[in-house]
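What follows is a set of notes on a single structure, which appears directly below.
Only the coordinates and a few stated rules stand behind these numbers; no lab work does. Everything numeric here is computed off the predicted structure, so don't read it as measured data. Cβ sites come from the backbone with ideal geometry, for glycine too, and all protein chains shown count toward neighbours.
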Amino acid sequence: MKEALPFMHAAIEQARKGATPFGCVIVKNDTIVAGAYSTVHQEHDVTAHAEINAIRKLHSMKKRSDFSGYTLYTTTEPCPMCTSACLYAGITTIVYGASITQFKRYAPVIDIASHEIVAKSNHKVLIIPGMLAPECLDLFEEYQA
């Protein structure tokens, strides 16, 4: 999974662009096709999570709704809303850094793991947890400083 590290670093950079701990990139054929960060506070929109913003960008660029074969890299484990959006979008793989269990000490969360949601779905999604988790958790420390 070493080839995935640049994509996780890109997700971390997205988070820093938005000055939040939440950043995301979507990749197809080893190319970043969309990136975003959380804009919840700027837009006063509770649905404007990094993953949702990246999926929205991808939808608007590609003008389609099936993203089979795409991989989403995100700094934190997607919340139930974001995991569900990935499922409905057909995202094939989700790679995340910090888990919900790890980051819940920094922010209120719905404590349901992505794999639990995927298990209750008829969509097949590969979830790869913990990639660059310490660096992703550092984003929470930076954000709170």
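DSSP beta bridges in the chain, what fraction antiparallel, as a percent rounded to 5?
Numbers: 10 of 18 bridges.
Looking only at bridges with both residues in the chain, the antiparallel portion is about 55 percent.
Can you tell me the convex hull volume per residue for the stretch 102-144, based on C-alpha atoms, in Å³ to the nearest whole number? Spell out each step's value before the answer.
Numbers: hull volume 3.3 nm³, N = 43.
In the stretch 102-144, the Cα convex hull volume per residue is 78 Å³.
Where the convex hull is taken over the Cα atoms of the chain, what is its projected area averaged over directions, in nm²?
On the way: hull surface 31.9 nm².
The Cα convex hull of the chain, projected and averaged over all directions, gives 8.0 nm².
For residue 23, enumerate residues with amide H under 5 Å from its amide H, sequence gap 5+ or separate chain, H modeled in the peptide plane.
15, 75, 76
Would you mind checking 28/104; 17/57; 62/104; 63/124; 63/120 for any pair whose Cα atoms are more than 26 angstrom apart? Each step should come with its number before you reach the end.
Details: 28/104 30 Å; 17/57 16 Å; 62/104 34 Å; 63/124 23 Å; 63/120 28 Å.
Checking Cα-Cα distances, 28/104; 62/104; 63/120 exceed 26 Å.
Say R0 is 25 Å: what FRET efficiency, to the nearest 0.05, do residue 81 and residue 5 get from their beta-carbon distance?
On the way: r = 27 Å, r/R0 = 1.08.
The calculated FRET efficiency here is 0.40.
Mind telling me which of 116, 77, 13 comes out most flexible in a GNM of the chain, alpha-carbon contacts under 10 Å?
116
Give me the Kirkwood hydrodynamic radius of the stretch 56-116 in Å, from all C-alpha pairs, to one decimal place? Walk me through the numbers before you get to the answer.
Numbers: mean 1/r = 0.0810 Å⁻¹.
Hydrodynamic radius (Kirkwood, Cα only) of the stretch 56-116 equals 12.3 Å.
Report the gain in length on full extension from residue 43 to residue 61: 0.36 nm times residue separation, minus Cα-Cα distance, nm rounded to one decimal.
On the way: separation 18, 0.36 × 18 = 6.48 nm, distance 2.08 nm.
That works out to 4.4 nm of additional length.
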